[in-house]
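The values are calculated or read from the model by the stated rules, or taken from the named source; none is laboratory data. Just so we're clear, the structure is a prediction, and the values are computed from it rather than from any experiment. Quick reminder, even Gly has a Cβ in these numbers, built from the backbone with ideal geometry, and neighbours come from all protein chains shown. Side chains included, ligands, DNA and RNA excluded: accessible areas come from the protein's heavy atoms. Shrake-Rupley method; radii C 1.70, N 1.55, O 1.52, S 1.80 Å.
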Amino acid sequence: MTSLSIPKLRTIPVLLLAILFCLDLGWAQPINQISADSVDAIVRTHMTNKHIQGVSIAIVRQGKVILAKGYGLANVELNVPATPQSVYAIASVSKQFLATGILMLAQEGKLKLDDDIHKYYPQAPQTWQGITLRHLLSHTSGIVREAPAFDPAKIQPDSVVVQSAFPLPLEFPIGTKWQYCNVGYFALADVISKVSGQPWATFLKQRVFSPLGMTATRTTTLSEIVPNRVDGYEWDKDHLHRAIPYRALRPSGAFLSTVLDLAKWDAALYTSNYLTEASQKQMLTPFVLKDGTPYPYGLGWRVDTFQGTQWVHHGGSLPGFRTEYARFPQKGLSIIILTNGEEASPETIAKEIATLFLRSGAGKVASGK
């Protein structure tokens, strides 16, 4: 009897192990799992079609990186590969950080979003009466897009650039239209400096970047040494050129960063450690124009829908660089695309990658072959 019972006892664990083994394989590669090969194919197709030399991406789920990868070259001349640690000019993706600085000061009661600009620029023209910080943040002020004094080859105070726009007429009545305005973000940077009592770059470093461990994120610079810096490129008909970067520090496109640093910021946006729930709600609420029409831009973020879900995003453009940071908060998904090709369309890349996840509901990326 003992000899008959022993095989039965041994068989049960073996069967259980086999079942668990099969279940484990199924968990590791579920049917709705996204293959890294699919992501690779999207990125490489764009690189070929748009002559992009280097791309770094991060795909983030609920603040956790599920894929971070570099493609191509960060520097063509030295044959340096692009990696998740590569440092790109993120251009107007920077605007959300200036907006964050303003909102943090508002949380502390040091300013109000509906403060008139004359509070900070008493010498501003009468035609600017009624322009608020909220208008500057949402590109609804009517101020021209670029100030006459801005010179990409010249370093000068932000206030000088802003004041050069004083003599110009407004493009439209305040709050009646949306029109992209970089001058507004020069003014906002100056407001952060005036209210906080320290340079806006220092304020953001001390209050946001350093606490989050965003050690690669800093203001743009030509002269200082930046480890892992990426060079920008332009494609002209049939050959490649190095793009000529701005010497000027431009608050509207202020920062250098990596996909991994931006992923740390993404994780912070799921908390109220930096921006309260109320501040984040304001940031992501479409601005309502004077005629009652909501425009799909909040405070430093575009606010749209994509495939039936909220799509919060911003792109960036500087000579030799095109960037996109796309969040789908209702799905807990974020996609960060940094490129060093002027012809790149990172927004399209992000949307194509997002489609893989949004259609499948996947939360993991399977290893490529």
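Odds and ends about this structure:
- Identity of the residue in region 74-96, part of a helix (DSSP H, G or I), of a type outside the set (A, V, I, L, M) and open to solvent by less than 10 Å² (accessible area, probe 1.4 Å), that ends up farthest from residue 299 (Cα to Cα): 94
- Among the residues of region 121-150, those that are open to solvent by 60 Å² or more (accessible area, probe 1.4 Å) and outside any helix (DSSP H, G or I) comprise 122, 123, 129, 145, 146, 148.
- For region 280-287, the condition of being touching a strand residue (DSSP E or B) at 6+ places or on another chain (Cβ under 9 Å), in a strand (DSSP E or B) and open to solvent by less than 40 Å² (accessible area, probe 1.4 Å) holds for at least one residue.
- Check on residue 316, assigned to a loop (DSSP other than H, G, I, E, B), open to solvent by less than 20 Å² (accessible area, probe 1.4 Å), touching a residue at least 12 places away in the same chain (Cβ under 8 Å) and under 19 Å from residue 179 (Cβ atoms): no
- Meets criteria (acidic (Asp, Glu) and not in a loop (DSSP other than H, G, I, E, B)) for residue 190: yes
- Selection status of residue 202, in contact with a Leu (Cβ under 7 Å, 6 or more places away or on another chain), of a type in the set (Ser, Thr, Tyr) and modelled with pLDDT of 95 or more: no
- So residue 99, is it under 22 Å from residue 175 (Cβ atoms), open to solvent by 20 Å² or more (accessible area, probe 1.4 Å) and either part of a helix (DSSP H, G or I) or of a type in the set (Ser, Thr, Tyr) (or both): no
- Filtering region 53-69 to residues that are buried (at least 20 other Cβ atoms within 10 Å of the Cβ) and closer than 19 Å to residue 341 by Cβ leaves 53, 54, 55, 56, 57, 58.
- Filtering region 282-304 to residues that are farther than 18 Å from residue 98 by Cβ and more than 17 Å from the chain's Cα centre (by Cα) leaves 286, 288, 289, 290, 291, 292, 293, 294, 295.
- Here region 193-228 is the region considered, the condition is being part of a loop (DSSP other than H, G, I, E, B), polar (S, T, N, Q) and within 14 Å of residue 98 (Cβ to Cβ), and the residue that is farthest from the chain's Cα centre (by Cα) is 220.
- Selection status of residue 254, hydrophobic (A, V, I, L, M, F, W, C), out of contact with any strand residue (DSSP E or B) (no Cβ under 6 Å at 6 or more places or on another chain) and modelled with pLDDT of 95 or more: no
- When each of 240, 260 is tested for being open to solvent by 40 Å² or more (accessible area, probe 1.4 Å) and under 19 Å from residue 333 (Cβ atoms), the lone residue that passes is 260.
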